[in-house]
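A short write-up of the structure that comes next.
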Amino acid sequence: MTSFIIKKGTVVDPLREKVFPADVLVVGGRIAAIGPGLAGQKETTVINAEGCLVLPGLIDMHVHLREPGFEHKETIASGTRAALRGGFTAVCAMPNTRPVCDRAAVAGFVLDRARAAGNARVYPVGALSKGSEGKELAPFGEMRDAGVVAFSDDGRWLADAHLMRRAMEYAAMLDVPVISHCEDPALSAGGVMNEGFTATILGLRGMPAAAEEVAVARDILLAELTGCHLHVAHVSTAGAVRLIREAKARGVRVTAEVTPHHFTLTEEAVRGYDTNAKVNPPLRTAADVAALKEGLADGTIDVIATDHAPHSREEKETEFDAAPFGMVGLETAVGLVFTELVSPGVLTLPQAVAKMTVNPARILRLEAGVLAEGAVADITLVDPEREEVVEPERFASQGKNTAFGGWQLKGTPVGVMVGGRWFEVRPSGKRLPGKKR
């Protein structure tokens, strides 16, 4: 039976909000013991974690793996390699592929391809409506039985309120969350960046904050009516944070996520017409970024997820209006969390880790996200002092479309264990030099 012992690391337990030195013994794909001075058998492989944090395996609950249908952007194999390099042991694959993941056969295909790749775990998300066209509900029960962990028409808001109500009623019966891309298309139609002064100066059509907030408000009311667990994807505005905070105070079953690019960048990143900064929802104002950080700190926002959205170089290297929305995020997320949230004290280390482990696991009802005896051995090792310059050409992802190229980030994944299989994702040695931004 294969066994490992992770020696001399610092364990971060997000459940108990504790950080302590300990060894971790893994036997047969599960954690056998956590404590000081552990010893394995003669054949036990020793992993030196001195100077590293030992975390529960990171979970990204919002990833676009593009396969089937858009393999020129990303494949399940390349996307899950990028996940490992980014420190993630599991990702959720959003359904806007071709064909859309709106039935058991497509979900089964995704799972089969993920097993064949043998990298990070993949959990498919099923569409709310057939073809994500917003006209007829997809077969929820069939997809749930096939392994789908949530329902979403991500990339599109289900604008038909009656259909959304029915979707939430069925999802509530199945006890599966609905993930909503909250954007009223009547308000955002034709927009390519945040509506405001910067858009006016650049001569670009804007997408108002109200487009997100109107949709968030409606979906919260429907969740309150139906008892469904609503998860709001990629929150980007101060108003949306306020609406979610108020709903939680009323006892509505609502959770929310934010991306690293939304809590780090503002609309000013679009100056120069950098298409890598063209995302949906768009990068907002400094006040919105401050509100997102406040929402993370007070628990209004439960999860940090990347919305990893790879595109080919040819698709992004065009005029701003014509370029697709989206930015890759799997391989920069940990560094941005440590650099922008943990180092400045916005979040404590256990709080930050919880938003990438136990919280998404709870929302999706996964047996994951914890470090405990008997738990599945999904583990992430991070060197909190190691600094790296973001070099998109080194990404494992096929997509190189990031607005963070050249940034120096502190806090680097160095190894990942998935079900007791060990992957060294960074070679040991000197930290990469680079200029601070």
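Read-outs: derived from the displayed coordinates by stated rules, not from any lab. If you're wondering where the values come from, they're calculated on a predicted model, not measured in any experiment. When we count neighbours, we look across all protein chains shown, and the Cβ atoms used for this are built from the backbone with ideal geometry, even at glycine.
Data overview
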| item | result |
| --- | --- |
| Ranking of 145, 60 by count of other Cβ atoms within 10 Å, fewest first | 145, 60 |
| Calculated FRET value between residue 44 and residue 72, using beta carbons and R₀ = 30 Å, to 0.05 | 0.10 |
| Exposure proxy order (Cβ contacts within 10 Å, fewest to most) of 20, 70 | 20, 70 |
| Inter-part distance where segment 207-275 and segment 142-157 are each reduced to a Cα centre, Å | 20 Å |
| Taking 378, 153, 288, 112 and counting other C-beta atoms within 10 Å, the order from fewest to most | 112, 288, 153, 378 |
| Rg and Dmax [Cα atoms of the chain; Å; Rg one decimal, Dmax integer] | 20.7, 68 |
| FRET E, pair residue 391, residue 135, Förster distance 56 Å, beta-carbon r, rounded to 0.05 | 0.80 |
| Length-normalised contact order of the chain in % [C-alpha pairs under 8 Å, at least 6 apart] | 19 percent |
| About the Cα centre, charge dipole magnitude for segment 57-364 (Lys/Arg +1, Asp/Glu -1 at Cβ), debye | 600 debye |
| Chain lengthening between residue 318 and residue 348 when straightened (0.36 nm per residue, less Cα-Cα) | 6.7 nm |
| Point-to-point label distance, residue 365-residue 294, nm (Cα→Cβ direction, 7 Å offset) | 3.5 nm |
| Nearest 10 degrees, 0 to 90: helix 104-117 Cα axis against the chain principal axis | 40 degrees |
| Proximal lysine pairs, segment 57-364, alpha carbons under 27 Å, eight or more residues apart or interchain | 9 |
| Fully extended contour minus Cα-Cα distance, from residue 273 to residue 142, at 0.36 nm per residue | 42.8 nm |
| Crossing angle, helix 161-174 versus the chain [Cα axis fit, 0-90 degrees, rounded to tens] | 30 degrees |
| Whole-percent pair-distance distribution, where bins are 5 Å wide, for the alpha carbons of segment 166-233 | 4, 18, 21, 16, 13, 10, 8, 5, 3, 1 |
| Rounded to 10°, Cα long-axis angle of helix 76-85 versus longest principal axis of the chain | 60 degrees |
| Separation of the residue 242 and residue 424 label points, Cα + 7 Å toward Cβ, nm | 5.3 nm |
